[in-house]
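First comes the structure, then the notes that go with it.
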Amino acid sequence: QILSTNVPDLAVYGGVVVMVNHPCMAGAFGSVGQYKMRLSDGREQRLFQTFIGRLSGFDTGQGMPFPWRLIDTFLSHELGHNLGLMHANGWDCGAQTLGDNCQNRESQNLFDVMGRGLASLHFNAYFKEFLGWLKPSSILVVNQSGTYSLAPLEATSGHRAAKIVLPSTRRSFYLEYRRARGFDSRLAQEPYPSNQFGLMINLASRPITGDPYPYTHLLDMSATDLSWFNDSQRTVLPGDNKSVFIDPASGLTIGPIIKVAPDNITFKIS
C-alpha cells in the first residue's frame, strides 16, 4: 500500500535495495552492475538491484571484534556486485600453489567480503583498483627485479598494493600486506594471526569474452595437503621453507621476505 500510493521516481536513483522479509526467501542476491529496466511509466533506466530475504537472524553476530551483523555482510557483498564486482574466489591446487590439477573455489576467499569474509571484510586490492578506491599512486607497479616494500592494505598512505602484469596474458598478480586493524581486525584472532606476517597474493583476470567484470583467485601461498576449507594460512611467510613463490608459467619469483614490521613489509621480486 505504501509503494502503491508513494511510488518514488526511480529515474533519479542508481539502484534499488528490496528487503522482502518473506519466509520463503532466504539469503540475498544482487545484480552485477546496472542493467536496463523499464519503469512503470514506460521509461527505461539503468539500475542495479539487490534483494534481501527474510529478516529473521539478520541481527546474528559474525564474530568480528566490532559491531557487525549478518545484514551488514549481505549488504556489503551484494552492493559489491552492484558496483561491478564478481566473487572473490580461491584457487586450490592441493599441496601446490599453482599446478596442473587446480580447482576454483567459488566465493571462498576468507579475507574478502566478496568471498566468505570470515577473517576480513576488505575488498581485495584488485577490486579496490577497479573501483578507483586505490589511486594509481597507491599501487606499486613492478616491472623489473628488485627489492620492494608495501604498507598495509588498510593504511591511508604509501603503496598499499603491488601489481605484476604478466606480458602477453590477461593475468596479473596483486600483492597485499594485511594487518589486524580496522576491517582486518579479526586477523588477530585464531586461526588467522600468521597471515599478518607475509604477502597475500590474488591472481586477477578479466574474461576474454562476455561481461567486462573482474574476478580474482586467492592463491594458497603456504599450500599443504589440508583441504581448502581447513587451511587458514594463505601468505608467503618468512623462513627457508615458505619464503619464495615461483610461477611455473612465467618464472616470476616473489620472495624471499626480508623484513616484516607493523607498518611495512619488504621483499624481493625477480
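Can you give the Rg/Rh ratio of the chain, where Rg is from the C-alpha atoms and Rh is the Kirkwood radius? Result: Rg/Rh = 1.01.
Tell me, rounded to the nearest percent, the portion of alpha carbon pairs in the range 68-194 spaced more than 22 Å apart. Show your work: numbers first, answer last.
Working: 3324 of 8001 pairs.
When all Cα pairs of the range 68-194 are counted, 42 percent exceed 22 Å.
Only beta bridges with both residues in the chain are counted; by DSSP, about 75 percent of them are antiparallel. With Cα atoms defining each centre, the range 137-195 and the range 37-84 are spaced 28 Å apart in the structure. Label reach from Ser205 (point 7 Å along Cα→C-beta): in the range 25-41, no amide nitrogen lies under 14 Å.
Computed from the C-beta positions of Thr266 and Phe66 and an R0 of 30 Å, the FRET efficiency is 0.50 to the nearest 0.05. Solvent-accessible surface of the chain, taken per residue with a 1.4 Å probe and all protein chains present: 50 Å². Rounded to the nearest 10 degrees, the inclination of helix 70-82 to the longest alpha-carbon principal axis of the chain is 90 degrees. Treating each Cα of the range 73-147 as one equal point scatterer and applying the Debye formula with no solvent, the log10 of I(q)/I(0) at q = 0.20, 0.21 Å⁻¹ comes out as -0.94, -0.97.
For the chain, the longest piece that avoids every one of the chymotrypsin sites (Phe, Trp or Tyr not before Pro) found in DSSP loops with at most 16 other C-beta atoms within 10 Å covers 134-270. Over the chain, Cα pairs under 8 Å with separation of 6+ residues give a relative contact order of 14 percent. Ligands, DNA and RNA aside, Thr224 has an accessible area near 40 Å² when probed at 1.4 Å.
Partnerless cysteines in the chain, where a partner means another cysteine C-beta under 4.7 angstrom, comprise Cys24. Only helices enter the 222 nm calculation for the chain: every DSSP H run of n ≥ 4 contributes -39,500 (n - 2.57), and dividing by all residues gives -2500 deg cm²/dmol, rounded to 500.
The fraction of accessible area contributed by carbon and sulfur in the chain is 54 percent, rounded to a whole number (1.4 Å probe; ligands and nucleic acids excluded).
For the chain, the tally of Lys pairs with Cα-Cα distances below 19 Å comes to 6, considering only residues 8 or more apart or on different chains. The slack between Asn143 and Ser76, meaning 0.36 nm per residue of separation minus the straight C-alpha distance, is 20.7 nm. Built from the Cα atoms of the range 1-117, the convex hull projects on average onto 10.6 nm², one quarter of its surface area. Panel note: the C-alpha atoms of the range 125-270, placed on their principal axes, show extents of 41, 35, 33 Å (largest first).
Can you tell me the mean projection area, over all orientations, of the convex hull of the range 209-270's alpha carbons? Units nm², please. Average of the hull's projected areas for the range 209-270 equals 6.9 nm². For the range 58-197, the antiparallel share of DSSP beta bridges with both residues in that region comes to about 75%.
The values are calculated or read from the model by the stated rules, or taken from the named source; none is laboratory data. Remember, predicted model here, so these are calculated numbers, not experimental data. Don't worry about glycine lacking a Cβ; one is built from the backbone with ideal geometry, like all the others, and counts go over all protein chains shown. The accessibility values were calculated without ligands, DNA or RNA, using every heavy atom of the protein model including side chains. Shrake-Rupley method; radii C 1.70, N 1.55, O 1.52, S 1.80 Å.
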